[in-house]
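The values are calculated or read from the model by the stated rules, or taken from the named source; none is laboratory data. Because the structure is a prediction, the values reported are computed rather than measured. Cβ sites come from the backbone with ideal geometry, for glycine too, and all protein chains shown count toward neighbours. Quick note on the areas: whole protein, heavy atoms, side chains included, nothing else; ligands and nucleic acids left out. Shrake-Rupley method; radii C 1.70, N 1.55, O 1.52, S 1.80 Å.
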Amino acid sequence: MLICLTASHQNASFDFLEKLSIGAPSAASTLVDGSDFVSGAVVLATCNRFEAYLDVDEPLTAASAVAVEATISTMSEASGVDPDEMRDTVRVITGDEVVEHLFAVSSGLESVVIGEDEISGQVRRALERAREVGTTSSDLERLFQKASHTSRGVKNRTNVGGAGRSLVRLALELASSRVTDWAHARVLIVGTGQYAATTVTALRDRGAGDLAVFSSSGRASWFGLKHDLRPFDDLAEAIAWSDVLVTCTTTTTPVVVPEVVDASRRLVIDLGLPRNVDPLVATVPGIELLDLETISLHAPLTQLTAADDARAMVSDAAAEFQAVAAEQSLTPAVVALRKHVFDLLDSEIERARSRGDSSDRTEAALRHLAGVLLHTPSVRARELAREGRGEDFRDGLEALFGLTDTRAAASPHPLRSVDDVPRASAG
């Protein structure tokens, strides 16, 4: 059973999300290792959302409630968030709704900037982290891989992200009311990761040409050479040079503090989570601070409404994912039927051989007949699964053949899916 605990810019404060972004991702292994029924966990923590996806072995309501409470406790302790605040803030999603929710998230339909570019990569990296620490599961793998496939389809087949939307670009749109001419602005970028590279592209798209970079990790020269930027080794010197400062590094403590900022007219854009800029920087004379919380509040939502066709694509993809999962859930039942039929067949063939009544042609004909007889039940299994009537198929096997072990198949006749049941040939 899939469960998702989610909090986002829609129902949580920036401070709450910031705290979770620090400790929550590393707590997934504790959650899985310390539980008897949580077989997988993938945690996604970004600048405007927290998501914990759980694969719970036991579908009972009591087990789900225990898993949710364990997640709240574990994530709260790791992040320094009050457990009661987390209970009041997070929304719990279960079952099929989890699928459509993740598909919408990964497609950028739930972001501050609808159709943003970065979220699909963040979803992919969340799965990669879960693989690295060993907390993913086969069901979560399939879910996240399909989510990535769906987000690519939404991007390629709709115009929901046609403008290359991102928080970086939205921040620069808001900053344009303060920057009269980007071509003449000296812009310093603090950070050398993927987000910094995205920032460089967005700045150049706006006409900015005089760009520099600083990195506390000593990567400024490398990044500057790669992206044709001026590198700085001293942050205070770099800030004094700049008209606009954009921070986008992954440090857990502020890099830009009042002590390194001179009193001069300057726009500071903080895209980091946790914050890269100490809020007290805004008290320095001449400094205007634009952080993620402010950017989120000023998002032009009326202009960023998701296209109906993008939502429809997400819904269709989720429905198909659920239908395929339902079909796969009946595979053990079809395997049990196949085993039952072929065991009877093998027994009768062996009996005929002992009487000297068997021939290769007769055996081939009987095996072909068994395949013909199995074809229709396998097709009906697929149809019933998609209609949500899988239990009807299992009940029928029990009533007609006395088969009760139809949920976990171990067969001498391997069956990867119901499509592997032999079809009747023409002739």
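A few remarks follow.
- Condition broken by S166, with the remaining ones in (1) closer than 23 Å to A240 by Cα; (2) touching a helix residue (DSSP H, G or I) at 6+ places or on another chain (Cβ under 7 Å); (3) open to solvent by less than 40 Å² (accessible area, probe 1.4 Å) satisfied: (1)
- Failed condition for N156, given (1) under 25 Å from the mean Cα position of the chain (by Cα); (2) surrounded by 19 or more Cβ atoms within 10 Å (Cβ to Cβ); (3) farther than 23 Å from P258 by Cα: (2)
- Residues (in contact with a Lys or Arg (Cβ under 9 Å, 6 or more places away or on another chain) and either without any contact (Cβ under 8 Å) to a residue 40 or more places away in the chain or not in a loop (DSSP other than H, G, I, E, B) (or both)) located in the stretch 262-284: L267, V284
- Within this structure, T252 passes the test of being in contact with a Pro (Cβ under 8 Å, 6 or more places away or on another chain) and closer than 30 Å to L102 by Cα.
- Among residues of the stretch 291-324, those that are open to solvent by 30 Å² or more (accessible area, probe 1.4 Å), of a type in the set (G, A, S) and modelled with pLDDT of 80 or more, counted: 3
- Test: residue in the stretch 169-190 that is without any contact (Cβ under 8 Å) to a residue 24 or more places away in the chain, in a helix (DSSP H, G or I), polar (S, T, N, Q) and open to solvent by 10 Å² or more (accessible area, probe 1.4 Å): no
- All positions within the stretch 132-148 that are within 18 Å of L31 (Cα to Cα), hydrophobic (A, V, I, L, M, F, W, C) and in contact with a strand residue (DSSP E or B) (Cβ under 9 Å, 6 or more places away or on another chain): L140
- Residue check for A41: free of Cβ contacts under 8 Å to residues at least 60 places away in the same chain, under 18 Å from the mean Cα position of the chain (by Cα) and either part of a helix (DSSP H, G or I) or surrounded by 22 or more Cβ atoms within 10 Å (Cβ to Cβ) (or both): no
- Residue within the stretch 8-24 that is of a type in the set (A, V, I, L, M), over 21 Å from R275 (Cα atoms) and either open to solvent by less than 10 Å² (accessible area, probe 1.4 Å) or touching a Lys or Arg at 6+ places or on another chain (Cβ under 8 Å) (or both) present: no
- In the stretch 200-215 there is at least one residue matching the filter, namely being out of contact with any strand residue (DSSP E or B) (no Cβ under 8 Å at 6 or more places or on another chain) and within 25 Å of P254 (Cα to Cα).
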